[in-house]
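Okay, structure first, notes after.
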Amino acid sequence: MISIPDAESGKVYLVGAGPGDPALLTLWAAHLLKTADVILPDDLVSDEILGLASPTANIIPVGKRCGQPRITQAGIHDLMLEHVHAGSSVVRLKSGDPLVFGRAGEEIGFLRAHAIPFEIVPGITAAFAVAASLEAPLTDRARASKLILATAHHAAGKVSLTPSWSGAFPDEATLVIYMPGRDFEALAADLIASGISPTTPCTAVSGASTPNEHVHVATLGTLANTNVGPAPVILMVGPEVFQAKAQTRQN
Ligand code: SAH
């Protein structure tokens, strides 16, 4: 029997909700969801996962849902502070792992500055769910000795991936691009310009680990014509991507 403590009052938990499938939550995350007073979920957190919360929990979505304007980061900080000061236990629920493209640094800085006790609960990041779904190893003894988690977006706007790749790619790496955007033509051109071969396999996966999962197999050279599914979409590039499963799963 595993004993996991209940969510403590006056404390914030930065919790990873995984890629969507509730079965991919950690036991700790699931227990915190059941016992927290207040839950602040991002927009990618599924209703199924929120359904695990206590019926008495105060769930305050802090992503942009139903066309509502997105709450500011400062607004999220204020909510954490307000509820902790009211003596509640607060779960700040983020998709995937909270420390991967999750703005956790800003929240940790705020919590520290206000001397608010907090704990971080890891989750399964989208790259791991996609790799499992495609049956495509992220590393391989012969072909992929590096794993790069990257994004084409930055707080300051869209960034070119090109300069940072020199040397890291094309050989022996798997590159996973979070928030790839919709302009796959520009993205592919950027990667090819940095020296990655147009024949390099890549796969765009939409809604990994959810019932709406879509897999689109391409090469960098044909990526521009890829009709990716609805958000969230992630792109996996590298020699390990062309596994048999990825090709047969195309839809
Ligand atoms: N912290 C999250 C990433 C948040 S950034 C994590 O560790 O996974 C949001 C991006 O993550 C999306 O734009 C998409 O690129 C990726 N993503 C998250 N969930 C996904 C899913 N189920 N399927 C495909 N991509 C996903």
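A crude spin-label estimate for the pair ASP43 and ASN227, with each label 7 Å from Cα along the Cβ direction, gives 2.4 nm. Shape class of the range 12-121 from the alpha-carbon gyration tensor: rounded, with the ratio a/c of largest to smallest axis under 1.5.
Our Cα-only numbers for the chain put the radius of gyration and Dmax at 19.3, 57 Å. Between ALA142 and ALA193, the distance separating the two model label sites (each 7 Å from Cα on the Cα→Cβ line) works out to 3.5 nm. For the range 60-120, the list of trypsin sites (Lys or Arg not before Pro) that fall in a loop by DSSP and count at most 16 other C-beta atoms within 10 angstrom reads LYS64, ARG65, ARG70, ARG103. Take each peptide in 5-18, 74-87, count the other Cβ atoms within 10 Å of every residue, and average; sorted highest first, the result is 5-18, 74-87. Couplings 3J(HN,Hα) for the range 201-217, derived from phi with the Karplus relation 6.51 cos²θ - 1.76 cosθ + 1.60 (θ = phi - 60°), are x, 8, 9, 9, 10, 10, x, 4, 6, 10, x, 9, 4, 10, 10, 10, 8 Hz, where x marks Gly and Pro.
How high is the FRET efficiency between GLU185 and ASN212 when r is their beta carbon distance and R₀ equals 25 Å, given to the nearest 0.05? The computed FRET efficiency comes out at 0.55. The alpha carbon centroids of the range 189-207 and the range 1-62 are separated by 36 Å.
When each of THR35, THR125 is scored by the number of other beta-carbon atoms lying within 10 Å, the sequence from fewest to most is THR35, THR125. Using the Cβ-Cβ distance between ILE4 and THR56 with R0 set to 22 Å, the FRET efficiency from 1/(1 + (r/R0)^6) comes to roughly 0.70. The Rg/Rh ratio for the range 56-145, using Cα coordinates for both the radius of gyration and the Kirkwood hydrodynamic radius, is 1.09.
Values in this text are rule-based calculations from the coordinates and carry no lab data. Just so you know, these numbers come straight off a predicted model, no measurement behind them. Every residue, glycine among them, receives a Cβ derived from its backbone with ideal geometry; neighbour counts consider all protein chains shown.
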